[in-house]
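See below for the structure under consideration.
Bear in mind these aren't lab numbers, they're just calculated from the coordinates by the rules spelled out. Everything quoted here is computed from the prediction, not taken from an experiment. As a convention, Cβ positions derive from the backbone with ideal geometry for all residues, glycine included, and neighbour counts pool all protein chains shown.
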């Protein structure tokens with residue numbers, strides 16, 4: 001049985017970036033990416049810090065439940081397509097979860113946005129280790145994981161990003177497709193039949209815009 005507990009979360013992001021050309025957005029209407037409404041203030045701040053940057057998401061920004069590794073799944077992923085209009089690199093993973101130190105994983109053999117990769121759980125193209133903000137439930141903050149992956153994606157190219165479940169996966173009751181957990185030897189959709197989605201996001205930036213940006217030092221607090 002899948003383990004779930006009710007809770008809600010807050011937002012946190014750390015960055016130190018200086019760049020001249022900022023991506024501007026409108027201030028009078030919400031921004032939708034995937035199936036999620038992204039808070040305008042956070043999105044504008046992110047856009048000003050990282051030129052031509054995008055936060056890809058399906059969840060609604062809160063986590064009401066969690067799924068344990070032995071019941072929900074051992075790896076959590078979300079499957080996205082890169083935005084139109086350029087070439088892109090993955091800058092960060094943004095996850096709601098908890099547990100012992102684990103790894104971020106990226107899969108590139110993905111047939112379409114919202115579908116799982118053809119690859120199995122351990123056939124990923126990139127990995128990097130990280131430590132959760134929270135060792136246990138409740139999840140108090142998003143955990144941001146810096147990605148240093150020398151791969152440039154074309155506009156519309158699909159990929160999946162996620163992490164090994166080392167304690168609990170943050171889940172939203174916002175009905176959405178696109179997130180999967182590895183369970184019983186296959187990628188099982190979180191929303192069917194459970195009607196939850198994993199709070200697993202990705203921050204990407206235009207390749208040409210970030211060539212001169214260092215993401216190694218992550219310091220400036222941003223909400």
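In terms of other Cβ atoms within 10 Å, 200, 177, 89 run from fewest to most in the order 177, 89, 200.
Using the Cβ-Cβ distance between residue 62 and residue 192 with R0 set to 30 Å, the FRET efficiency works out to roughly 0.90. The ranking of 179, 143 from fewest to most other beta carbons within 10 Å of each one's beta carbon is 143, 179. Between residue 146 and residue 109, the simple label model (points 7 Å from Cα in the Cβ direction) yields a spacing of 3.1 nm.
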